């Protein structure tokens, strides 16, 4: 099931005195969040009046949030984006669409993606089934990703996290 509104960052502070919020982006880069003209916070939809990158964070001016106090009240909240406004590179998928997908190795299902670890070198799929696997998201190991059918991987020694 694909969610219409996806978690995309967390409001971590304020900027200036006119109600801008500082967002820690949960995307490949902060500029991804500059293309959205509306966001949702705790079920309330806000029009984005202005957005810009500042020190690897995104500064947003939201309609109706016009004071530093109003912006401060949003600190710690999760920012959601509308999937229909997102432009992804070819072959890219949202992490939310990967969670729960079956993972196959050698033609057999080994489990489902339970979470995706975002690490500096590359992402890692945490796959849980009869065993737990940590699979680096690189071409050598992740052979095919189909958001409807599942993920095909090549396992090597050391990927099974719960091995004796």
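The values are calculated or read from the model by the stated rules, or taken from the named source; none is laboratory data. Remember, it's a predicted structure, so these values are computed and weren't measured experimentally. For neighbour counting, all protein chains shown are included, and Cβ atoms are generated from backbone atoms with ideal geometry for every residue, glycine included.
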Scope segment 110-139; condition exposed (fewer than 13 other Cβ atoms within 10 Å of the Cβ) and more than 19 Å from residue 93 (Cβ to Cβ); matching residues: 120, 121, 130
Check whether at least one residue in segment 86-105 is within 19 Å of residue 8 (Cα to Cα), surrounded by fewer than 17 Cβ atoms within 10 Å (Cβ to Cβ) and touching a helix residue (DSSP H, G or I) at 6+ places or on another chain (Cβ under 7 Å), and report yes or no. yes
For segment 57-71, give me the residue count where each residue is touching a strand residue (DSSP E or B) at 6+ places or on another chain (Cβ under 8 Å) and either part of a strand (DSSP E or B) or surrounded by fewer than 14 Cβ atoms within 10 Å (Cβ to Cβ) (or both). 8
Scanning segment 93-111 residue by residue, the ones that are in a loop (DSSP other than H, G, I, E, B), closer than 21 Å to residue 6 by Cβ and in contact (Cβ under 8 Å) with a residue 40 or more places away in the chain total 3
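Are there strands (runs of 3 or more DSSP E) fully within segment 5-53 with at least 1 residues that are in contact with a strand residue (DSSP E or B) (Cβ under 8 Å, 6 or more places away or on another chain) and modelled with pLDDT under 95? List them.
Output list reads 5-15, 20-25.
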If we ask which residues in segment 134-164 are touching a strand residue (DSSP E or B) at 6+ places or on another chain (Cβ under 6 Å) and part of a strand (DSSP E or B), their number turns out to be 12
Scan 79, 74 and give me the residue that is in a strand (DSSP E or B), assigned by TED's automatic domain parsing to the domain that holds residue 20 and at pLDDT 95 or above. 79
Would you say residue 146 is more than 24 Å from residue 31 (Cβ to Cβ) and exposed (fewer than 13 other Cβ atoms within 10 Å of the Cβ)? yes
